[in-house]
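Novice: Starting off with a structure, shown below.
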């Protein structure tokens, strides 16, 4: 049964991949815009920032910033939110390797005390939370206003 399911999922994956890719420039920009609308920090108009526990989301965000918005990867800042009883050095190495960003672009990690005995770092908390940000008021305003335009086109609140 498991092999049958895996085979079915592989076929579905192949079909979906063919339907989705390749992105053109506009589609890639919109994909990143929708991701930012849902997951990005919208509290400041002075920077673009996103936090997530899923490395693939953070990687997509970085690709969107550098390829679609043409921002230099060297300007990105990364901060990790980890738990006290995690292997801090191991998690730093994981994110350094995964994001391919040098250590000098990482700020000091935020280490949170762990009070709950239910936290399982092998499960849902994985490698902590990674926050990537880049300053730029003009750029942040452009992205926030693009999101407002999307919202205004599809609901009454954004107009």
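Novice: Considering (1) in contact (Cβ under 8 Å) with a residue 24 or more places away in the chain; (2) out of contact with any strand residue (DSSP E or B) (no Cβ under 8 Å at 6 or more places or on another chain); (3) under 29 Å from residue 27 (Cβ atoms); (4) part of a loop (DSSP other than H, G, I, E, B), say which one residue 71 fails and leave the rest.
Specialist: The single condition residue 71 does not satisfy is (2).
Novice: Answer yes if at least one residue in the range 56-65 is modelled with pLDDT of 95 or more and surrounded by fewer than 10 Cβ atoms within 10 Å (Cβ to Cβ), and no otherwise.
Specialist: yes
Novice: I need the full set of residues from the range 40-63 which are more than 16 Å from residue 97 (Cα to Cα) and in a loop (DSSP other than H, G, I, E, B), in order please.
Specialist: Scanning the range 40-63 gives 41, 42, 43, 44, 45, 46.
Novice: Out of all the residues in the range 15-25, which are surrounded by fewer than 10 Cβ atoms within 10 Å (Cβ to Cβ), part of a helix (DSSP H, G or I) and without any contact (Cβ under 8 Å) to a residue 24 or more places away in the chain?
Specialist: 17, 18, 19
Novice: Of (1) in a helix (DSSP H, G or I); (2) in contact (Cβ under 8 Å) with a residue 12 or more places away in the chain; (3) in contact with a helix residue (DSSP H, G or I) (Cβ under 6 Å, 6 or more places away or on another chain), residue 66 satisfies all except one. Which?
Specialist: Of the numbered conditions (1) in a helix (DSSP H, G or I); (2) in contact (Cβ under 8 Å) with a residue 12 or more places away in the chain; (3) in contact with a helix residue (DSSP H, G or I) (Cβ under 6 Å, 6 or more places away or on another chain), the odd one out for residue 66 is (2).
Novice: Which of the residues spanning the range 76-104 are assigned to a helix (DSSP H, G or I), in contact (Cβ under 8 Å) with a residue 24 or more places away in the chain and more than 11 Å from residue 128 (Cα to Cα)?
Specialist: If the condition is that a residue be assigned to a helix (DSSP H, G or I), in contact (Cβ under 8 Å) with a residue 24 or more places away in the chain and more than 11 Å from residue 128 (Cα to Cα), then 98, 99 are the ones that fit.
The values are calculated or read from the model by the stated rules, or taken from the named source; none is laboratory data. Because the structure is a prediction, the values reported are computed rather than measured. When we count neighbours, we look across all protein chains shown, and the Cβ atoms used for this are built from the backbone with ideal geometry, even at glycine.
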